[in-house]
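Working notes, structure below.
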Amino acid sequence: MLTKRLVLAAACILTTFAALPAAQAADPTYTVGAGGTYRPFEFETPQKELVGFDIDIIKAIGKAGGFNTKLVSTPWEGIFATLDQGDRDIIISGITITDKRREMVDFSAPYFPADQVIITSPGAKVAGLADLKKLQVGVVNSSTGDIAVSEELGKASTAIRRFDNTPLMLEELYRGGVDAAVGDVGVIKFYIKSHPEKPFKLVYDNKFKRQYFGIAVKKGNKVALDKINTGLKKIVADGTYAKTYKQWFDADVPTLPQQ
Amino acid sequence: MGGFQWNIISEYMPLFVEGTLMTLKCTVICVIAGTLLGLVLGVGRLAEARHGFYKYFLRYAVQFPVRFYVSFFRGTPLFVQILLIHFALMPLLINPSGGLIVSGDFAREIRSQYGAFMSAVLAISLNAGAYVSEIFRAGIQSIDRGQAEAARSLGMTYMQTLRKVVLPQAFRRMLPPLGNNAIAIVKDSSLASAIGLAELAYAARTVSGAYARYWEPYLTISLIYWVITLVLSAFVQHLETRYGKGDRRQ
């Protein structure tokens, strides 16, 4: 028994030393967490493979910034805690950069403008954000839409109905469970395109503050953050970003602000 | 973790208060509905006759459907049942575009005001009914056959025997498992946050999502759930001493 353990321990130590020089020479591998229900940003194929805009972006950033990515599907609930616990090194999951979240994690430079849109049934009389005051409004929990609606209706308002993901929220809207919903234009349009049988009306309001998605790392993880920002800059400059953007959202490629 | 940040909880206080009330409301309705349903199902499960038409009627039209029902609701997760009822069954019944029971604008009104609540209460009650029916069955079966036989030979009908002789005795034995079930319902109601019902777990999810902090909101609701279940078990204890008196020898 004891000899067996000793042999095992020796083997472990040996492999660690053997692996060390190789790991130092090559790029580090970061475990990247992303949700699996945010089409087209990140979603899972039937083969449990993560795909989407965010996934393509982080892979490209890794290639340009000098790190390998190991993608792990991570539920939105508790996703930030995985950084502190060391389960994930990087999170890319359509995360809106907010001041509150800046206290918990460090964000990369913005990589996506999260424009918001109101969705209602075709007959509803909603012209803008102000009309939502007396309605039951669906949002995705702690999304940009949630933040915008919370400002309008009060963050502890029970007229706000928070859902886990966009499909759930839009199903509820389609069934009449909520009067309106607010979400990311990109995600909503993608959903509408793939569900032509469900009639929705989109209402735009320029009162929505423009917010951006950022890539999160554990507070103080400057090594990873620098690699991400370098990579992001490179893929914007060489056109990879624009190509990826057009591939997922057939719209004009936005110019990203520098932090 | 950086200590316990009270301001996070106080900022969302209305959500926690509303959430507690919603959880309590949900629990009370589900416990009552579940117990009544369980009584009906439990009696139905045991319904049998010796001879003739009723023998077959009770077996195939009462016993079998009840068995099937209990098996389904005990054999699938409550979480799945809640989603199934909210997104599949309820839209069939109440739907602005052609619901079987209610449709049109009134359906929209009902769904947006009470949709999640109705689905949650329905799902949890139906689920609790299945479990409670087994409690009733075990309770009734635990009463000596002689009791029922004696009552019947005194000229009581089947229902009279059940109501006046068997159930009162069985109820005493059923109190502890019924209390357990009620406590389970308190906790099960947290699953309804998935369909957007603003109960306690929903409040914690909202806060943890907004602040990316998990310690404060989840510890807070744990305490509230705990207090609710403590009060509930004290109430069951009280009932047990009250209805248990006849059994005790001084």
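The values are calculated or read from the model by the stated rules, or taken from the named source; none is laboratory data. As the structure is a prediction and not an experimental result, all values here were calculated from the model. Heads up, the Cβs are rebuilt from the backbone with ideal geometry, glycines too, and the neighbour counts pull from every protein chain shown.
I'd like the full set of residues that are more than 14 Å from every other protein chain (Cβ to nearest Cβ) and either farther than 19 Å from B:Glu134 by Cβ or of a type in the set (A, V, I, L, M) (or both), limited to the range B:188-198.
Let us first name the residues in the range B:188-198 that are more than 14 Å from every other protein chain (Cβ to nearest Cβ), namely B:188-189.
The one that is more than 14 Å from every other protein chain (Cβ to nearest Cβ) and either farther than 19 Å from B:Glu134 by Cβ or of a type in the set (A, V, I, L, M) (or both): B:Ser189.
Of note, A:Lys201 satisfies the criterion of being closer than 30 Å to A:Val117 by Cβ and touching a strand residue (DSSP E or B) at 6+ places or on another chain (Cβ under 9 Å).
Looking only at residues of the range A:185-210 that are within 14 Å of chain B (Cβ to nearest Cβ) and touching a helix residue (DSSP H, G or I) at 6+ places or on another chain (Cβ under 7 Å), we find that the one that is surrounded by the fewest Cβ atoms within 10 Å (Cβ to Cβ) is A:Lys198. Residue count for the range A:87-105, restricted to those that are without any contact (Cβ under 8 Å) to a residue 12 or more places away in the chain and farther than 15 Å from A:Leu225 by Cα: 3.
For beta carbons closer than 9 Å, sequence separation of 6+ or different chains, a first residue in the range B:1-21 that is closer than 15 Å to B:Ser208 by Cα and a second that is loosely packed, with under 14 Cβ neighbours inside 10 Å, the qualifying pairs are B:Phe4/B:Leu219. Taken over the range B:70-117, the criterion of being of a type in the set (A, V, I, L, M, F, W, C) and within 22 Å of A:Thr158 (Cβ to Cβ) is satisfied by B:Ile82, B:Leu83, B:Ile85, B:Phe87, B:Met90, B:Ile94, B:Phe106, B:Ala107, B:Ile110, B:Ala116, B:Phe117. Consider A:Ala34 carefully, then state whether it is buried (at least 22 other Cβ atoms within 10 Å of the Cβ), closer than 27 Å to A:Arg210 by Cβ and modelled with pLDDT of 85 or more. Here the answer is yes, as A:Ala34 does meet what is asked.
Listed by first and then second residue, the pairs linking a residue in the range B:82-107 that is within 11 Å of chain A (Cβ to nearest Cβ) and within 20 Å of A:Leu168 (Cα to Cα) to a residue that is part of a strand (DSSP E or B) and polar (S, T, N, Q), with Cβ atoms under 8 Å apart and 6 or more places separating them unless they lie on different chains, are B:Ile94/B:Ser103; B:Asn95/B:Ser103; B:Pro96/B:Ser103; B:Ser97/B:Ser103; B:Ala107/B:Asn95. Scanning the range B:211-247 for residues that are surrounded by fewer than 19 Cβ atoms within 10 Å (Cβ to Cβ), at pLDDT 95 or above and of a type in the set (Phe, Trp, Tyr) gives a single hit, B:Trp226. Residues that are of a type outside the set (A, V, I, L, M, F, W, C), free of Cβ contacts under 8 Å to residues at least 12 places away in the same chain, more than 14 Å from chain A (Cβ to nearest Cβ) and part of a helix (DSSP H, G or I) do not occur anywhere in the range B:119-142.
Within the range B:144-174, the residues that satisfy the criterion of being closer than 13 Å to B:Val43 by Cβ and β-branched (Val, Ile, Thr) are B:Thr161, B:Val166.
Conditions tested, residue by residue: (1) more than 16 Å from the chain's Cα centre (by Cα); (2) more than 30 Å from B:Pro96 (Cβ to Cβ).
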{"position": "A:Phe53", "(1), (2)": "no, yes"}
{"position": "A:Ala64", "(1), (2)": "yes, yes"}
{"position": "A:Ser73", "(1), (2)": "no, yes"}
{"position": "A:Asp89", "(1), (2)": "no, yes"}
{"position": "A:Arg101", "(1), (2)": "no, yes"}
{"position": "A:Thr120", "(1), (2)": "yes, no"}
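Number of residues in the range A:232-250 that are touching a residue at least 12 places away in the same chain (Cβ under 8 Å) and more than 18 Å from the chain's Cα centre (by Cα): the value is 6. Checking each residue in the range A:54-85 for being away from chain B (no Cβ under 14 Å) and in a loop (DSSP other than H, G, I, E, B) picks out A:Gly66, A:Phe67. The single residue among B:Ile183, B:Ile224 that is hydrophobic (A, V, I, L, M, F, W, C) and more than 30 Å from B:Arg137 (Cβ to Cβ) turns out to be B:Ile224.
Considering only the range B:208-218, I want to know if a residue exists there that is within 14 Å of chain A (Cβ to nearest Cβ), touching a helix residue (DSSP H, G or I) at 6+ places or on another chain (Cβ under 6 Å) and of a type in the set (S, T, N, Q). Taking every residue of the range B:208-218 in turn, at least one turns out to be within 14 Å of chain A (Cβ to nearest Cβ), touching a helix residue (DSSP H, G or I) at 6+ places or on another chain (Cβ under 6 Å) and of a type in the set (S, T, N, Q). Taking the criterion of being out of contact with any Ser or Thr (no Cβ under 7 Å at 6 or more places or on another chain), in a strand (DSSP E or B) and not charged (D, E, K, R), the residues of the range A:213-256 that qualify are A:Ala216, A:Val217. Checking the stated criteria, A:Val178 turns out not to satisfy the condition of being more than 30 Å from B:Ala120 (Cα to Cα) and β-branched (Val, Ile, Thr).
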